[in-house]
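A short worksheet on the structure shown next.
Where a number appears in this text, it was derived from the coordinates with a stated rule and is not lab data. None of these values were measured; they are calculated from a predicted model. Ideal geometry is used to build each Cβ from the backbone, glycine not excepted, and the neighbour counts take in all protein chains shown.
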Amino acid sequence: MSRRDHKPVRSLLLAGDEYGSTFDSAIASGADALFLDLEDPYVPCVDAFLDQQRAEMREFIEALPATGAPRPFVRVHKFDTGRTLGDLRAVMVPGLAGVILPHVGSPADVIGLDAILECMERDLGLSVGSTLIIPILEVASGLSSARQIAEASERVNYMGPHLGPLGDTPNSLKYRMTASGDVVAPLMSHVLIEVRAGGVPYPLGMCLTLDYARSEADMRAGMNRLRDWGYCGTMVWDADHVAMAHEIFSPSAEDIERWSSIIELYDAALQAGEPVRLPGYLTMGGAPEGAADSGLVRPHIITTARQGLEYARALGLVDDRR
């Protein structure tokens with residue numbers, strides 16, 4: 001499978017008793033994917049508690065419906081804890097979509113996990129390459145190596161920076177978060193470019209939309225910032241915010257109709273052997289209907305329309321006839 005054969009993730013919902021959504025509410029949420037956490041939800045995380053968490057998570061993944069349910073991704077412990085392999089042994093079952101690797105500092109982390117996953121897939125009779133990897137960029141070395149990390153494995157379809165006022169990233173970079181998020185805006189843009197250049201089709205904004213979100217308006221503003229920067233989805237704490245994420249990170253019906261019309265006109269012009277001209281209302285700027293024709297169409301407009309329809313098709317918003 002190529003990277004683009006996997007569906008986009010608009011919403012990665014944190015699920016579990018320590019988060020805003022229980023397992024039951026997470027299944028019913030309609031989220032694209034679930035973030036299931038084995039990485040020290042409590043400190044100290046004693047072995048007996050971790051073993052119980054592993055068993056419960058395995059049972060949960062095995063009980064998920066084969067179709068229609070969010071895809072489960074599990075955050076495991078980082079390698080230097082000595083707990084990564086135990087986590088993987090517990091959750092590597094049919095139905096697991098992928099592994100979330102925290103504290104990624106270099107491509108070697110992803111290459112190492114890729115090798116372990118391939119060995120386990122072969123031993124367990126799972127399809128080789130089926131278990132995806134989401135690297136979390138939350139330390140300075142990882143953030144500065146984003147492109148190389150993105151290129152380290154074909155299993156990496158989703159990744160992005162984990163930025164907020166708390167956690168490992170501000171501990172590593174020593175920034176002070178602001179309500180507007182302007183402090184981390186340059187870093188969000190830079191990492192997005194690196195991740196895209198590394199071939200990752202669906203960059204994820206990790207956590208920025210959660211911080212300082214004291215209202216629905218704050219949450220919407222945070223998600224819109226991520227979408228404006230070019231991210232395809234976000235982590236969300238609460239199942240109630242899944243619908244908002246899908247609205248913001250999905251193309252609108254108007255976008256889909258405009259892209260389809262552009263391609264239809266282009267195909268007709270190609271068959272007739274004539275340059276294509278677009279009515280003004282079909283331009284990328286969204287001019288009102290009745291506006292003057294935009295003139296001869298440059299290739300990037302066709303590319304934008306094709307890519308937009310490809311993304312909408314991956315989300316199941318259009319059928320293969322378009």
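Ordering C45, C119 from the fewest to the most neighbouring beta carbons within 10 Å gives C119, C45.
Counting Lys and Arg as +1 and Asp and Glu as -1 over every other residue whose Cβ lies under 11 Å from the Cβ of H103, the net charge comes to -3. Ranking H162, H300, H103, H246 by Cβ neighbours within 10 Å, fewest first, what do you get? Taking fewest neighbouring Cβ atoms as first place, the list is H300, H246, H103, H162. Local charge for G233 was computed over the other residues whose Cβ lies under 10 Å away, with Lys and Arg +1 and Asp and Glu -1, and equals +1.
When shorter helices are ignored and each DSSP H run of at least 4 residues is given -39500 (n - 2.57), the per-residue value for the chain at 222 nm works out to -12500 deg cm²/dmol.
Over region 1-83, the ratio between the Cα radius of gyration and 2.2 N^0.38 Å evaluates to 1.17. Relative to the current alpha-carbon distance between T22 and I116, full extension at 0.36 nm per residue lengthens the span by 30.8 nm. Along the axis of the charge dipole computed for the chain (Cβ charges of +1 for Lys and Arg, -1 for Asp and Glu, origin at the Cα centre), the listed residues I133, L96, L36 are led at the positive end by I133.
Each label was represented as a point 7 Å from its Cα along the Cα-to-Cβ direction; for L173 and A66 these points are 4.4 nm apart.
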